[in-house]
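What follows is a single structure, written as structure tokens, with notes after it.
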Amino acid sequence: LDAFVARALLAEGAERSIDLQYYLYHNDLTGKLMTYQLLKAADRGVRVRLLVDDMGLAGRDHGGSVLDSHPNIEVRIFNPFSRNTGRLSQFVTRLGSVTRRMHNKSFTVDNQATILGGRNIGNEYFEADPDIAFADLDVLLIGPVVNDVSASFDAYWNSEVVYPLNALIARPPTPDEIQQKTRELQEFISLQYDGEYHKALRNSDLANKLRQQQVEMLWGEAEAIFDNPEKIISARDQSELHLTEQFKPYWKGIEKEIIILSPYFVPGTEGVASLVKLQESGVKVRILTNSLASTDVGVVHAGYARYRKDLLQDGIELYELNKKISREERKEEKGKEGSSKASLHAKTFVLDRKWVFIGSLNLDPRSVYENTEIGVVITSPEIARYMAEKFDENIARSAFRLELQTAEDGRRNLLWHGYENGAERVYTVDPYTGFWRRLGLGFMGLLPIESQL
């Protein structure tokens, strides 16, 4: 809720410009609320630039072109699919090109403030979906770092892999169609003012703190790091284009501890070796990712599962999100606060309780080699200690701790230590999953597709 309020209020306060860069921008409740904020800003003369990856825009060119028709709004699309053939066939014929996407998420206003993190624009990211809630994290930044985020946005906006939406559509919307779509949006918004979600936003923690003038900024140094947009049309070993090269000095500077939160965690043999090297040098390595029950992408979990035993064997602490809610429970409790299925979506690292990375980067091959990403490294012991202490306080109750147990016959078996209904419990298979789902996980783990995970 706070994350949506922050974006909406920044948009309401915008005087000159709003730049949005997102992998996904859903046409749901929060998507429409955000679009309405953009239209209001544009109506008062604010320049709005919306850059969206094409992955989630199938069949939505008309609505986007209506938005683009506003004289103060321009919509551009990253690495678009062809509009002359089906998308499914392009996943085959353009494998390796159309499968490389822009995963960045940023929201920048007046070149004065920016929000970076893991959230796309959609109900599941802002606590508006009764069926699933992503546990996510982003950060509001002000100061010189905003200039770097703006420079990143401009580099993408002007990249050769980005196209104006109006160059992709066969026919622009007519004035009557624009008027009708605008009226439909206004009517939808008018119905929301007394709705449950609007009430929740008005009563959110951030909204109340703003009214009481109790919002506090924490000061420190911040460096924005991001992939070059040309990464997706370059060889995968051109590491000078990669965000990870900019992060290396911080990684190499770790001396005592690293805490990793990555919803999609597929370290590969290279990543395992890097983490083990840290652990062997005396660094405490702790990793939180999704369990099979909490993940929303099972095939990625299959890619991760094959590395669990090796990581544990070498002393790395591994945790998986503990959240159980069945399909029946969701039906019974739909709409009730806290009834959603939780899935970890935050991408953050805490290094030596001194540095914090927050961004869109997952620790998997797709983020490192295929897609483009953005994030910020914050040098702030105050923030880093706070996040590490919260991890320490909550990890036992919110996650399963994995243990590797060696049987008498030499076989290595996994155990999951966690809590169910307040009581400690040990599981010998992936918690809250059935036989067929686990069988499917094993099958997917055999597929030679790790580079695409």
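Of note:
- Contact order normalised by residue count of the chain, Cα under 8 Å, 6+ apart, percent: 17 percent
- Residue 205 versus residue 217: modelled label distance in nm, points set 7 Å from Cα along the beta carbon direction: 2.0 nm
- Per-residue packing, averaged as other Cβ atoms within 10 Å, sorts the ranges 42-49, 143-150, 105-112 into the order 105-112, 143-150, 42-49, beginning with the highest.
- Put simply, when 160-170, 116-126 are sorted by average Cβ atoms within 10 angstrom per residue, most first, you get 116-126, 160-170.
- From the coordinates shown, log10 I(q)/I(0) by the Debye sum over Cα atoms at q = 0.07, 0.12 Å⁻¹ corresponds to which of (i) -0.37, -1.13; (ii) -0.37, -0.98; (iii) -0.52, -1.15: (i)
- Counting 0.36 nm for each residue step from residue 390 to residue 251 and taking away their Cα separation leaves a gain of 47.9 nm.
- Within the assembled protein chains, the solvent-accessible surface assigned to residue 382 is about 100 Å², based on a 1.4 Å probe.
- Relative packing of 175-186, 392-403, which averages over residues the other C-beta atoms within 10 Å, highest first: 392-403, 175-186
- Summed side-chain charge close to residue 182 - residues other than residue 182 whose Cβ falls under 14 Å, Lys, Arg +1, Asp, Glu -1: -2
- Formal net charge of residues neighbouring residue 1 (Cβ-Cβ distance under 10 Å; K, R +1; D, E -1): -2
- Listed by chain and number, the lysines whose C-alpha is less than 28 Å from the C-alpha of residue 181, apart from same-chain residues fewer than 8 away, are 32, 40, 105, 199.
- Charges were assigned to the Cβ only: +1 to each Lys and Arg, -1 to each Asp and Glu. The resulting dipole of the chain about its Cα centre is roughly 600 debye.
- Solvent-accessible surface of the chain, taken per residue with a 1.4 Å probe and all protein chains present: 47 Å².
- For region 205-254, the set of GluC sites (Glu not before Pro) satisfying both a DSSP loop assignment and a count of at most 16 other C-beta atoms within 10 Å is given as 216.
- Proximal lysines relative to residue 309, as straight alpha-carbon distance under 28 Å, when same-chain residues fewer than 8 apart are discounted: 248, 252, 256, 277, 284, 323, 324, 341, 347, 390
- Solvent exposure, largest accessible area first (probe 1.4 Å, DNA, RNA and ligands not counted), of 251, 219, 157: 219, 251, 157
The values are calculated or read from the model by the stated rules, or taken from the named source; none is laboratory data. Just so you know, these numbers come straight off a predicted model, no measurement behind them. Note: ideal-geometry Cβ built from the backbone for every residue, glycine included; neighbour counts use all protein chains shown. Keep in mind that these areas ignore ligands, DNA and RNA; they rest on the heavy atoms of the full protein, side chains included. Shrake-Rupley method; radii C 1.70, N 1.55, O 1.52, S 1.80 Å.
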